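Remarks on the structure that follows.
Just so it is clear, none of the values below were taken in a lab; they were calculated from the coordinates. Predicted, not measured: the structure shown is a model, and the values here were computed from it. Methodologically, a virtual Cβ is constructed for each residue, glycine included, from the backbone with ideal geometry; neighbour enumeration extends over all protein chains shown.
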Amino acid sequence: MNELVWFYFVVIINLIIGFATYYASKRDRKKRIDEYKKIQDDELERIRNKFNL
């Protein structure tokens, strides 16, 4: 019985850690994509200003 309790305890803890990691990486990925888009937009604006387009 004691082993069963530990088994379920470990499973629940791993699920919590798994979901937390998933959502953290999802949020981080979205932030990186937005950051990349901003860099691209800034670069485009710089080139437009340089060549007066």
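Rounded to the nearest Hz, the phi-derived 3J(HN,Hα) couplings of region 9-18 under the Karplus curve 6.51 cos²θ - 1.76 cosθ + 1.60 (θ = phi - 60°) are 4, 5, 4, 5, 4, 5, 5, 4, 5, x, where x marks glycine and proline. Remark: spin-label model distance Ile13-Lys30 equals 3.0 nm, labels positioned 7 Å along the Cα→Cβ axis.
Along its first, second and third principal axes, ordered by size, the chain spans 76, 7, 6 Å in Cα coordinates.
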